[in-house]
Amino acid sequence: MLTPSKPPCATAARNTSAPSPALGEASMPPRKHDSANPVDRAATGSDSIDASVPNAARVWNYLLGGKDFFPADEQAGEQMIDACPTIAEAVQANRDFLGRVVTFMAGAAGIRQFLEVGPGLPAFLWNNTHHVAQNIAPAARVVYVDNDPFVLACARALLTSKPEGAVDYVNADLRHPDAVLNAAAVTLDFDQPIGLILLGVLHYVPDDAIVCGILTTLADRLPSGSMAAISWAAVSTPPVNGLQAALRVLQDLGGPAITTRTPQTLERHVTDAGLQLLDPGVVPCTWRPELDLAQTPAAALCCCVARKSPKR
Ligand SMILES: C[S@@+](CC[C@H](N)C(=O)[O-])C[C@H]1O[C@@H](n2cnc3c(N)ncnc32)[C@H](O)[C@@H]1O
């Protein structure tokens, strides 16, 4: 856990190649603060970190079994788990979906460029988008975009590219998609297919019309042959036990509001944006699983992968 004098990025810094430990497994000793490290210097004493209220990226990090959270984030995470016992499994399933979909995009689909908005704090240093993509294609180029400066500080310090490829870090807001695209164009070639990754981020945008506008703007500028992977907090049938209560707890503690939407809404927005859903459509975070579907955790998030058809 972080203390207000201990900066983010502790977990990821010590998890360079290990496979993901089970949630709650004993962890290695905390990394020592290093005043020569720009992230540590930036984080310590900064007034832009408010440790007293739960934060989107830090609560997610707690639920993923990371260590980059403050007591307020841990308290929120624990109360969310009390309200919705399957929530940590769902967040982990969402992360596993990231690994599978980037493997699919960089592998079978041959995509060499990725734009990820809302990557969060890296809980481990082996399963983030550029790790997975550059493992398959070392020259892959990845742009991470977030509107939390400390997520970006951690990304800059810890999510470094293989020499053959490139990784860039952009401070921008998804609600201004043109700014996101313009910044990404510094690193990515918008004449070649791009893998757009929007996992667990659109549910922070409450207005459906704005979500639709964001997806349409992004999809319009993506080159033909590009793909988009999207997940968000879901209203599923039957409802996930305690999910709404867990999200209320987070908000009551001063954390971000999360809007749940149906899988049908995700399908509609994707289709309206001019993208074609790939099989099996919008599903819980079981998209093309190696797992036995019967063992899939509850559907607190739903996800899909869609494609922008090549021009005829
Ligand atoms: C819950 S975390 C998701 C982490 C990761 N994508 C995953 O699914 O495991 C949400 C991330 O989205 C970022 N975020 C939230 N709203 C955003 C916005 N409007 N623009 C850019 N990033 C945003 C947060 O700072 C955080 O890093």
Where a label projected 7 Å from the Cα of SER309 along Cα→Cβ would reach, residues of region 204-226 with amide N under 15 Å: 224-226
Rounded to whole Hz, the Karplus (6.51, -1.76, 1.60) HN-Hα couplings of region 254-268, x for glycine and proline: x, x, x, 7, 10, 9, 8, 9, 6, x, 5, 5, 4, 4, 5
Estimated distance in nm for a label pair at ASP207 and GLN251, the labels positioned 7 Å out from Cα along Cα-to-Cβ: 1.7 nm
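Using 1/(1 + (r/R0)^6) with R0 = 51 angstrom and r between the beta carbons of LYS162 and THR271, what's the FRET efficiency to the nearest 0.05?
Numbers: r = 36 Å, r/R0 = 0.71.
The calculated FRET efficiency here is 0.90.
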Phi-based couplings in Hz for region 50-67 (Karplus 6.51, -1.76, 1.60; Gly and Pro marked x): 9, 6, 7, 10, x, 10, 3, 5, 6, 5, 4, 4, 4, 5, 7, x, x, 10
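Provide THR237, THR265 in ascending order of the number of other Cβ atoms located within 10 Å of each residue's Cβ, fewest first. It would help to have the intermediate numbers written out before the result.
Numbers: THR237 9, THR265 18.
Neighbour counts put them in this order, fewest first: THR237, THR265.
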Expected-Rg normalisation [2.2 N^0.38 Å, Cα atoms] applied to region 199-300: 1.15
For VAL167, residues with placed amide H under 5 Å, excluding near neighbours: VAL142, SER161
Inter-probe distance in nm under a simple model that places probes 7 Å from Cα toward Cβ, at ASP50 and ASP82: 2.3 nm
Förster radius 22 Å - calculated FRET efficiency between THR103 and TRP126 (Cβ-Cβ, nearest 0.05): 0.95
Cα-projected label distance for ALA179 with THR217, points at 7 Å along beta-carbon direction, nm: 0.9 nm
Protection-proxy order for peptides 275-284, 157-166, each taking the mean of Cβ atoms within 10 Å per residue, highest first: 275-284, 157-166
Three-way shape call for region 87-307 based on the alpha-carbon gyration tensor, with the a/c threshold at 1.5: rounded
Amide H contacts under 5 Å for LEU196, placed H, 5+ residues apart: LEU115, MET227, ALA228, ALA229
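Here, each number is a calculation from the coordinates, and none is a lab measurement. These numbers come from a predicted model, not from an experiment. When we count neighbours, we look across all protein chains shown, and the Cβ atoms used for this are built from the backbone with ideal geometry, even at glycine.
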